[in-house]
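Peer 1: Just passing along the structure, written as structure tokens.
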Amino acid sequence: MSRIAKAALVVSAGILASRVLGLLRNVAVAALLGDTTDGDLYQAAFVLPDLLFYLMAGGYLSITFIPILSERMAADDEDGAWAAFASVAKAVGATMVVLTVVAWVAAPSIVSWVFGRLPALAGDGATAIPEADLAELANLVRIVLPAQLFFMLGSLLMGVQYARDRFVIPSLAPVVYNLGIILGGLIGWWSGVEGPAGFLWGALVGAAAGNFALQVWGARRAGLRWVTGPVRSPALRAYLLMALPLMLGQSVAILDEQLIRVAGQLGPEGSIATLGLARNLVMVPVGLIAQAAGVAAYPTLARLVAEGAFDDMRETLTRALRGVVLFGGFASAAVLAASQPAVAVVYQRGAFGVDATVATAAALVWYALAIPFWGGHQLLGRAFYAHRRMWVPVGIGTVVTIVVIPLYFGIEGLMGAQGIALASTVAISLYTVALGVAWFREHGGWGPVWDAAWRTALATAVASVGSWFVIDGIVGAPAEGTLGRATLGLVVGAVTVTALYAVSLRVLRVPELASVGTRLRDRLG
């Protein structure tokens, strides 16, 4: 098994654990808050903190830092690597503290503008968050704001571990984070605290424990030593040169969740919650397939570039892209076929009723179409990052963001919440295609990826449509029945999609299917 495959298995296991806890988190949020104003407030409370994280290029910290570490480690300069870490960590930490304090003070004004004046400019009917609740929303934002400091420093600590090909401890960060949110919400409920505050306090504690304290321990196990020295250094300059384009430009892949939350307020009460819960559900397969592939492949891609093995790097990328297309197509088919049973099984209890299930499942269908594209952009973006050409994906992503922002806000009047979900899928798909054009025009190798894409698209269509008819014929409308009925629909869908997808791939002669079968026989034999 290749280095990337082994790393992907470790990362996938960690992501699976975090996604399971994420589902339990969403179950608790849906049951206690439902598709109500409280549910909208919970989702909206993350907008400002997340934007602060993105504006600091927090989502790219590991990506920008790994090449800096890899270069020094490849030259057997560990002291230089740890000095680089100390320099960047001090600069990032100090900057984040200042920005957090400023955002904390300005929270009421920012919340009033984003969730008060902005909907008014868009026209009538923006009722998701009443004006009377804006003060409460500002207080909720202030609870979770400090978590961003832990996320930022934690990303650097994870970068140290990734550079050492250590993936276990970083993969536990979202597990602890989600566990914190769940426990915070339940403790708040048991204590008689109404609303989403308990969940947000849990998010703060989970970030401190999982994304920072645990990662300090993991990085030290990977050999990290704190080296004193000046903040200014060649490493910090290199980091800023790579990170600055990411700070100035904002990719639609990063802003998508925030655009959904802000545009969702243009709908009726519960729209933000419905869109958020549907997106969280589709992020389970996205995390297992797309995120795992990107995280696992990047250290290898960066190392191959550092070693000058460009042909090996391109071959590695092509294999990884074909893999995420293949597995992403299967995930899309499964979600498309069984969207309503999945939502009913996961969410339909407590304050989350049948109407909420139907609305969430409808949004989930549109989100599902983007699963393979999430995988593609994770890998293509990292291919450019490995070459330290951060400006290419960021520039493309910024242009796509500018183009699609009107779609997020304009389509709600035509299709409601489903339209916003469709806008998200269009945005991610457009971004991925544009990245692919930029990469393959320069480096070639489009043929094998296109071959996998069109065959997978046909297999996905056959498996999803065929399985939907089977579920409808056997189960009917799962949301209107019992939990057992919805569970039966989920099981029937899983079996049918797997069978139809495998048969379709075999008929279409997709070579990876034979490879998977051989590995299974070897393990079972």
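Peer 1: Restricting the search to segment 318-353, which residues are in contact (Cβ under 8 Å) with a residue 60 or more places away in the chain and under 15 Å from residue 459 (Cβ atoms)?
Peer 2: 322, 323, 325, 326, 328, 329, 330, 332, 333, 334, 336, 337
Peer 1: Condition first: exposed (fewer than 15 other Cβ atoms within 10 Å of the Cβ) and among the aromatic types (Phe, Trp, Tyr). Now tell me which residues in segment 105-115 satisfy that.
Peer 2: 113, the sole residue that qualifies.
Peer 1: Taking segment 282-300 as the search range and keeping residues that are buried (at least 24 other Cβ atoms within 10 Å of the Cβ) and modelled with pLDDT of 85 or more, which one is nearest to residue 37 (Cα to Cα)?
Peer 2: 282
Peer 1: Let me ask you something else. Taking segment 199-232 as the search range and keeping residues that are of a type in the set (Val, Ile, Thr) and modelled with pLDDT of 90 or more, which one is surrounded by the most Cβ atoms within 10 Å (Cβ to Cβ)?
Peer 2: By that ranking, first place goes to 205.
Peer 1: Now, a different point. Step by step: first the residues of segment 432-479, then only those that are modelled with pLDDT of 90 or more and either polar (S, T, N, Q) or not in a helix (DSSP H, G or I) (or both), then the one that is farthest from residue 312 (Cα to Cα). Which residue is that?
Peer 2: The residue in question is 467.
Peer 1: Any residue at all in segment 411-425 that's under 30 Å from residue 311 (Cβ atoms) and modelled with pLDDT under 90?
Peer 2: So far as segment 411-425 goes, no, none of its residues is under 30 Å from residue 311 (Cβ atoms) and modelled with pLDDT under 90.
Peer 1: Next question. Which of the residues that make up segment 62-88 are among the aromatic types (Phe, Trp, Tyr) and farther than 11 Å from residue 239 by Cα?
Peer 2: Of everything in segment 62-88, just one residue is among the aromatic types (Phe, Trp, Tyr) and farther than 11 Å from residue 239 by Cα, namely 82.
Peer 1: Take the conditions in a helix (DSSP H, G or I) and more than 17 Å from the chain's Cα centre (by Cα) and apply them to residue 419. Does it pass?
Peer 2: yes
Peer 1: Tell me, please, whether a residue that is assigned to a loop (DSSP other than H, G, I, E, B) and either outside the structural domain of residue 287 (by TED's automatic domain parsing) or within 30 Å of residue 338 (Cβ to Cβ) (or both) can be found in segment 375-385.
Peer 2: no
Peer 1: Looking at 349, 261, 279, which one is within 26 Å of residue 35 (Cβ to Cβ) and not in a helix (DSSP H, G or I)?
Peer 2: Residue meeting the stated conditions: 349.
Peer 1: Identify all residues within segment 112-124 that are over 17 Å from residue 259 (Cβ atoms) and either modelled with pLDDT of 80 or more or outside any helix (DSSP H, G or I) (or both); write none if there are none.
Peer 2: Those that are over 17 Å from residue 259 (Cβ atoms) and either modelled with pLDDT of 80 or more or outside any helix (DSSP H, G or I) (or both): 112, 123, 124.
Peer 1: Let me ask something else about it. Any residue that is out of contact with any Pro (no Cβ under 7 Å at 6 or more places or on another chain), crowded, with 24+ Cβ neighbours inside 10 Å, over 30 Å from residue 463 (Cα atoms) and of a type outside the set (Asp, Glu) - is there at least one of those in segment 301-317?
Peer 2: yes
Peer 1: Somewhere in segment 172-190, is a residue of a type in the set (A, V, I, L, M), under 28 Å from residue 420 (Cβ atoms) and assigned to a helix (DSSP H, G or I)?
Peer 2: Checked segment 172-190: at least one residue is of a type in the set (A, V, I, L, M), under 28 Å from residue 420 (Cβ atoms) and assigned to a helix (DSSP H, G or I).
Peer 1: I would also like to ask the following. Which residue is modelled with the lowest pLDDT, if the candidates are limited to segment 352-372 and must be crowded, with 24+ Cβ neighbours inside 10 Å and in a loop (DSSP other than H, G, I, E, B)?
Peer 2: Among residues in segment 352-372 that are crowded, with 24+ Cβ neighbours inside 10 Å and in a loop (DSSP other than H, G, I, E, B), the one modelled with the lowest pLDDT is 352.
Peer 1: Take residue 433 and decide whether it is surrounded by fewer than 18 Cβ atoms within 10 Å (Cβ to Cβ), closer than 22 Å to residue 290 by Cα and either acidic (Asp, Glu) or assigned by TED's automatic domain parsing to the domain that holds residue 264 (or both).
Peer 2: yes
Peer 1: Let me ask something additional. For residue 244, indicate whether it is at pLDDT below 80, surrounded by fewer than 19 Cβ atoms within 10 Å (Cβ to Cβ) and hydrophobic (A, V, I, L, M, F, W, C).
Peer 2: yes
The values are calculated or read from the model by the stated rules, or taken from the named source; none is laboratory data. From a predicted model like this one, the values you see are computed outputs, not experimental measurements. Heads up, the Cβs are rebuilt from the backbone with ideal geometry, glycines too, and the neighbour counts pull from every protein chain shown.
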